[in-house]
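Working notes, structure below.
The values are calculated or read from the model by the stated rules, or taken from the named source; none is laboratory data. Quantities reported herein were computed from a predicted structural model and do not represent experimental measurements. Here the Cβ positions follow ideal geometry from the backbone for every residue, glycine too, while neighbour counts run over all protein chains shown. SASA here: full protein model, heavy atoms, side chains in, ligands and nucleic acids out. Shrake-Rupley method; radii C 1.70, N 1.55, O 1.52, S 1.80 Å.
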Amino acid sequence: DFIKRIKDNGRKVVYEADDDYFNIPPWNQVAYRSYQHVRQNIEKILKASDAITVTTKHLADQYSKYNPRTYVLPNSLDIAEIDSTPINTEIVSITDGYGSKISHSEYLDRTKDLLRVGYYGSATHVGDLKLLVRPLGIFLREKDASFTFVGNLPQDLRLAIPKDKLFTVYPTTIDKYI
């Protein structure tokens with residue numbers, strides 16, 4: 001038992017989580033199947049930990065069932081820590097809502113006076129994004145805003161967003177840049 005070995009060496013174990021591993025929706029198939037296999041191990045680790053930190057009260061309610069020493073440490077962002085170094089525009093491909101490839105400078109020009117809403121998530125979060133499609137479509141139609149999706153935007157989601165306000169960013173082949 002690795003936690004026992006850690007504690008035997010006088011160390012404390014703090015488990016951190018920003019996901020609700022115990023209520024993964026079945027539509028998130030990869031995560032759902034993975035966590036079903038490791039759930040018992042997660043429960044053992046939670047019970048053996050000296051403390052658990054989570055990012056929301058909802059998560060604290062879930063995790064405190066396994067360990068009463070569960071604390072909320074909200075997500076935060078220190079704006080001073082953001083790296084404002086311009087991106088290497090040679091390693092991304094930008095497409096507008098009409099399917100036309102555009103340059104990074106054209107993207108910046110077309111969105112300079114708009115509020116930019118962005119989404120970056122793996123395929124395991126498509127179900128999350130589907131929850132936002134309708135309200136996001138309404139918001140984009142009513143506001144001076146654009147939506148930038150990093151990755152491969154599913155076709156059904158693409159149809160709900162106004163074409164003149166949609167941009168997708170794809171990493172290109174980056175072998176030569178690594």
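Figures for the structure shown
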| item | result |
| --- | --- |
| Distant-in-sequence amide H partners of Ser146 (H built 1.01 Å from N, under 5 Å) | Leu115, Arg116, Val117 |
| Taking the range 1-113 and dividing mean pair separation by its residue count, relative contact order in percent (alpha carbons under 8 Å, at least six apart) | 19 percent |
| Calculated log₁₀ intensity ratio I(q)/I(0) where the Debye formula runs over C-alpha points of the chain, q = 0.10 Å⁻¹ | -0.60 |
| Order of exposure, largest accessible area first, which applies to Lys4, Lys57 with probe 1.4 Å | Lys57, Lys4 |
| Residue-by-residue Karplus 3J(HN,Hα) for the range 14-21, coefficients 6.51, -1.76, 1.60, Hz, glycine and proline x | 10, 9, 10, 9, 10, 10, 8, 5 |
| The chain, accessible surface, carbon-and-sulfur percent (1.4 angstrom probe) | 53 percent |
| Accessible area expressed per residue, the chain, with surrounding protein chains retained (probe 1.4 Å, Å²) | 68 Å² |
| Within the chain: Cβ-based charge dipole about Cα centre, in debye rounded to nearest 20 (Lys, Arg +1; Asp, Glu -1) | 660 debye |
| The range 1-110: Lys pairs at Cα distance under 28 angstrom, eight or more positions apart or on different chains | 17 |
| Expected-Rg normalisation [2.2 N^0.38 Å, Cα atoms] applied to the range 5-75 | 1.16 |
| Accessible-area ranking of Leu132, Leu153, Leu114, largest first, probe 1.4 Å | Leu132, Leu114, Leu153 |
| Signed unit charges on C-beta, dipole axis of the chain, positive-most listed residue Ile161, Gly97, Pro135 | Pro135 |
